[in-house]
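Student: Quick one: this structure, given as structure tokens, is what I'll be asking you about.
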Amino acid sequence: MSRLLRDHKNYIVFKYFQEISSIPHGSGNTMALRNYILDLAKEYKLEHSMDSVGNIIIFREGSAGYESIPPLILQSHVDMVCEKESDSTHDFNTDPLSLYIEDGFLKAKGTTLGGDDGIGVSYMLAFLTDDNYQGPRLECVFTVDEETGMEGAHGLDLSKCRADRMINLDSESEGTFITGCAGGSKINAVLPIKTRIMRGYQADITISGLKGGHSGDEINKGRGNAIQLMSRFLFYLLRAKATFGLLSIEGGDKDNAIPRDAKASIVITSSPTRLCDLADSFRKMLSAEYAATDPHIEISIYEATSETEHFAITEECQNSIYLMLYAIPNGVIEMSHSIPGIPETSTNLGKVRSTGSNIECTYLLRSSFASRKRELIQRMTLILKSAGATVTYSSSYPAWEYKPESALRDELSKVWEKMYGSAPEVTAIHGGLECGIISSKKEDLDIVSMGPDILDIHTPKERLDIESASRVYDFLVEYLKKKE
């Protein structure tokens, strides 16, 4: 490892990124990476602590001449989203990521890259270990399990931190300073199912080829949700008078990723040939609808060659599943009226699983307004309970509200404009950040979120712009060096 970009001027950053990539660190599986970070703190004799949920804070005192400059918190999360191509054999629990460079981007073969938020972690490790560091006292906060509900931020203990300003390094657009984000909440629905005996041909249906993406950053791009498209196809069969029973359905892997594929098995008593004809007709319809966003949608059918008996879900339960997957609100619900182009409220049907006796679904809701989030939860709960599902709620986090006045934002903007000749974009995002939770733990904490260009996060097409990552690091170096 650590061979790529060896001659780059900011190799220290890319060295750490590659070392992080050699250590499996999906959400819930970050102990090895945390041990690596703790070992570095011990090697460099830096004060450090780990709280009860596993968050790490490492302190580096200011360099000579910076003793009177106020301290600064740098913050990133150590976990990554684990997604891979359908033909990949990669095991995220044991295998290192296979990094390569293409067209100026750092990528991982067949999997997510973990640039979200491995690059932020790499910046922080570089500042903590660079012998030539110039700047104030740093309080580097490494949180756990951000991608699965921000559990680390919820349990974070900042009692040892003195700083009243913080740079969050979990954004993916160079030259954009984030100063607010939506709040979120997860809805989990479990529908008990009953079965009936049906005789017919089993058909296994797959919808694939969708782009997917981050359910916050890319929910407004109109990309298809494979789970909802599968439920729409099943309802399409019903409306076409096809006689069938549902055996199972599954799709998606993360509540905060737009599902790229979904599978369903049915037993069909009408002609299998007609099923293929209907699937082809449906695919052509989707191809027209999603030509601009998902041009490679595929529907495949594998049919059994003989009739057999199956335990199919009852018609009543099947109708309940349509309520849960097809009728439920999905995608952008309302666009912001104050920030052009930014969603205000949205939902993402992230996962569905057949578990034998139940159908289980997970939805992630986001909104800039707590009242709108509550209202959407109420609407969805009405539908889900009408379907007969048991509904629970988890991983709720508050919106990070924009502050009209921010000394940190002003300072960062001045340095950026001086270095790069144009003012940064200051905005809010629809995706969730830990900043809202963290700001609630430390009164008057001034926060800005930033980062380099990372494209298609939460998908196997994720890629990090190498020179963008370098420029953002140069900017951070320059900002930390300033004494005014």
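Each value in this text was obtained by applying a stated rule to the coordinates, not by laboratory testing. What you are looking at is a predicted structure, and each value in this text was computed from that prediction instead of being measured. Cβ atoms come from the backbone with ideal geometry, glycine included; neighbour counts cover every protein chain shown.
Student: Could you size up the charge dipole of the chain around its Cα centre, putting +1 on the beta carbon of Lys and Arg and -1 on that of Asp and Glu, and report it in debye to the nearest 20? Walk me through the numbers before you get to the answer.
Tutor: Working: 51 positive and 69 negative charges, 217 e Å.
Here the chain has a charge dipole of around 1040 debye.
Student: Then there's this: Please order LYS263, LYS414 by the number of other Cβ within 10 Å, starting at the fewest.
Tutor: Numbers: LYS263 19, LYS414 15.
With the fewest neighbours first, LYS263, LYS414 line up as LYS414, LYS263.
Student: Still on this structure, I have one more. Within a Cβ distance under 9 Å of SER367, other residues only, what is the Lys/Arg minus Asp/Glu net charge? Don't skip to the end; give the middle numbers.
Tutor: Values: positive: ARG366, ARG372, LYS373, ARG374; negative: GLU334, GLU344, GLU375.
Summing Lys and Arg as +1 and Asp and Glu as -1 gives +1.
Student: Among MET419, MET150, which comes first, then next, by fewest other beta-carbon atoms within 10 Å? Please report the intermediate quantities before stating the final value.
Tutor: Numbers: MET419 13, MET150 24.
Lowest to highest Cβ neighbour count: MET419, MET150.
Student: Give the aspartates and glutamates whose C-alpha is closer than 14 Å to that of LYS241, dropping any in the same chain fewer than 8 places away, or say none.
Tutor: Partners found: ASP277, GLU315.
Student: Rounded to the nearest 20 debye, what is the charge dipole size of region 185-397 about its Cα centre when +1 sits on each Lys and Arg Cβ and -1 on each Asp and Glu Cβ? Working shown, then result.
Tutor: Numbers: 24 positive and 21 negative charges, 98 e Å.
Computed charge dipole of region 185-397: roughly 480 debye.
Student: Sticking with this structure for a sec: Determine the relative contact order of the chain: mean sequence separation of Cα pairs under 8 Å and six or more apart, normalised by residue count, in whole percent. Working shown, then result.
Tutor: Numbers: 1120 pairs, mean separation 110.7, N = 484.
Dividing the mean separation by the residue count of the chain yields 23 percent.
Student: While we're looking at this one, here's another question. Work out, in µm²/s and without decimals, the Stokes-Einstein translational diffusion coefficient of region 223-372 at 37 °C, 0.692 mPa s, Rh from Kirkwood over C-alpha pairs.
Tutor: On the way: Rh = 16.8 Å.
D, rounded to a whole number, is 196 µm²/s.
Student: Can you tell me the relative contact order of region 39-165? Whole percent, Cα pairs under 8 Å, sequence separation 6 or more. Write down the numbers at each step before the final one.
Tutor: Values: 202 pairs, mean separation 51.0, N = 127.
Worked out over region 39-165, it gives 40 percent.
Student: Roughly speaking, what is the centre-to-centre gap between region 364-438 and region 154-170 when only Cα atoms are used, to the nearest Å?
Tutor: Each part's Cα centre sits 18 Å from the other's.
Student: Let me ask something else. Cα to Cα, under 15 Å, and not fewer than 8 places away if on the same chain: which aspartates and glutamates meet these conditions relative to LYS284?
Tutor: Result set, ordered by chain and number: ASP294, GLU298.
Student: Moving on. Compare the Cα positions of SER76, GLY356, LEU464 along the charge dipole of the chain (+1 at Cβ of Lys, Arg; -1 at Cβ of Asp, Glu; about the Cα centre) and return the one farthest towards the positive end.
Tutor: The one lying farthest along the dipole's positive direction is GLY356.
Student: Continuing with this model, one more query. What 222 nm value per residue comes from the helices of the chain, counting each DSSP H run with n ≥ 4 as -39,500 (n - 2.57) and dividing by all residues, nearest 500 deg cm²/dmol?
Tutor: -9000 deg cm²/dmol
Student: If you add up the charges near ASP444, with Lys and Arg at +1 and Asp and Glu at -1, over every other residue whose beta carbon is less than 15 angstrom from its beta carbon, what do you get?
Tutor: Values: positive: ARG162, ARG165, LYS403, ARG409, LYS441, LYS442; negative: ASP164, GLU401, GLU405, GLU443, ASP446.
Surrounding charge for ASP444 is +1.
Student: Work out, in µm²/s and without decimals, the Stokes-Einstein translational diffusion coefficient of region 59-156 at 10 °C, 1.306 mPa s, Rh from Kirkwood over C-alpha pairs. Numbers along the way, then the final one.
Tutor: Values: Rh = 15.7 Å.
Translational D for this selection: 101 µm²/s.
Student: Oh, and also: Work through the residues other than THR89 whose Cβ is under 15 Å from its Cβ and net out their charges, Lys, Arg +1 and Asp, Glu -1. If you can, show how the numbers build up before the last one.
Tutor: Working: positive: LYS84, LYS109; negative: GLU83, GLU85, ASP87, ASP91, ASP95.
So the environment of THR89 carries a net charge of -3.
Student: On to the next question. Sorted from fewest to most neighbouring beta carbons within 10 Å, what does the list ASP294, ASP95 look like?
Tutor: Numbers: ASP294 21, ASP95 13.
Fewest to most other Cβ atoms nearby, the residues stand as ASP95, ASP294.
Student: Over region 185-397, what relative contact order in percent results from Cα pairs under 8 Å that are six or more residues apart?
Tutor: So the answer I get is 35 percent.
Student: Please work out the Cα center distance from region 311-345 to region 56-118, rounded to the nearest Å.
Tutor: Distance between centres, Cα-based: 33 Å.
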